[in-house]
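One structure below.
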Amino acid sequence: MAGGLLLGGAVTALLATAVPAHSSGSVFDNPPPDKIVINVATVNGSGCPAGTTAVAVSPDNTAFTVTYSAYLAQAGGSSDPTAFRKNCQLNLIVHVPQGFTYAIASADYRGFASLASGATGTQKASYYFQGSSNTASANHPFNGPYDDNWEATDSNDWAQLVWAPCGVERNFNINTELRVAAGSKNPGQVSFMTMDSTDGDISTVYHLAWQACPKA
């Protein structure tokens, strides 16, 4: 992956020229031959304070990566009662080559969870384009006792992908959430769930699918 670009303001990531796309029917499973550009419009949420989130794009136009370093939800013990839920919303402007559209085909999330017996944790994400009623979402539950790294993947088949509108530029929104409940069995024990890793950050990878727009 290319190096991370800190989010905040008009951050721009240029993707390198890729191998020309080939198709199966009307769906392109390789990226378009021209460069695409991702502008980060905004990043907001309790799980991604300013300066703790970064984005990078792959050189082949097939994926982009979001990295977090302060995304942690916890409950139980003396935890702040508002800390049980953390979220992050990324608002992205994706400039695609003329004649193409894209969708998020899958997303890989990773982190660490320490959940006492009886405690639960949930990772959730939703994806939608500005002005569109079509939303793709998924959630992944985790049950205590649990003390290990965790992984979750959201994926859709072609028929369920939420595609960017052809011929117009719409911001793409990704909302993620971590939620922890201490439960009644061990309420005095702190349980937590992070979207990070032991070395301080973790890369969440979003895989792109491409197809040709109908000819005017």
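The values are calculated or read from the model by the stated rules, or taken from the named source; none is laboratory data. Bear in mind that the values here come from a model prediction, so they are computed numbers and not experimental data. Reconstructed Cβ throughout: ideal geometry from the backbone, glycine too, with neighbour counts over all protein chains shown. Each accessible area value is taken on the protein alone, full model and side chains, heavy atoms only, with ligands, DNA and RNA left out. Shrake-Rupley method; radii C 1.70, N 1.55, O 1.52, S 1.80 Å.
Filtered by the rule that a residue be surrounded by fewer than 20 Cβ atoms within 10 Å (Cβ to Cβ), at pLDDT below 95 and outside any strand (DSSP E or B), segment 83-97 gives a lone residue, 97.
Of all residues in segment 187-216, those that are open to solvent by 50 Å² or more (accessible area, probe 1.4 Å), farther than 30 Å from residue 168 by Cβ and at pLDDT 80 or above total 5. Residues in segment 142-155 that are open to solvent by 40 Å² or more (accessible area, probe 1.4 Å), within 17 Å of the chain's Cα centre (by Cα) and under 27 Å from residue 185 (Cβ atoms): 151 alone.
Across segment 115-128, the qualifying residues are those that are over 14 Å from the mean Cα position of the chain (by Cα) and not hydroxyl-bearing (Ser, Thr, Tyr), and the one among them that is nearest to residue 177 (Cα to Cα) is 121. Taking the criterion of being crowded, with 22+ Cβ neighbours inside 10 Å and hydroxyl-bearing (Ser, Thr, Tyr), the only residue of segment 35-64 that qualifies is 53. The set of residues from segment 58-77 being polar (S, T, N, Q) and modelled with pLDDT of 80 or more comprises 65, 67, 69, 74.
If you go through segment 170-185 and pick out every residue that is more than 15 Å from residue 133 (Cβ to Cβ), open to solvent by 80 Å² or more (accessible area, probe 1.4 Å) and within 20 Å of the chain's Cα centre (by Cα), you end up with 1. Can we say residue 120 is in contact (Cβ under 8 Å) with a residue 60 or more places away in the chain, open to solvent by less than 80 Å² (accessible area, probe 1.4 Å) and among the β-branched types (Val, Ile, Thr)? Judged against the criteria, residue 120 is a match. Would you confirm whether any residue within segment 98-107 is at negative phi, in a strand (DSSP E or B), at pLDDT 85 or above and surrounded by 20 or more Cβ atoms within 10 Å (Cβ to Cβ)? Yes; the residues of segment 98-107 include at least one that is at negative phi, in a strand (DSSP E or B), at pLDDT 85 or above and surrounded by 20 or more Cβ atoms within 10 Å (Cβ to Cβ).
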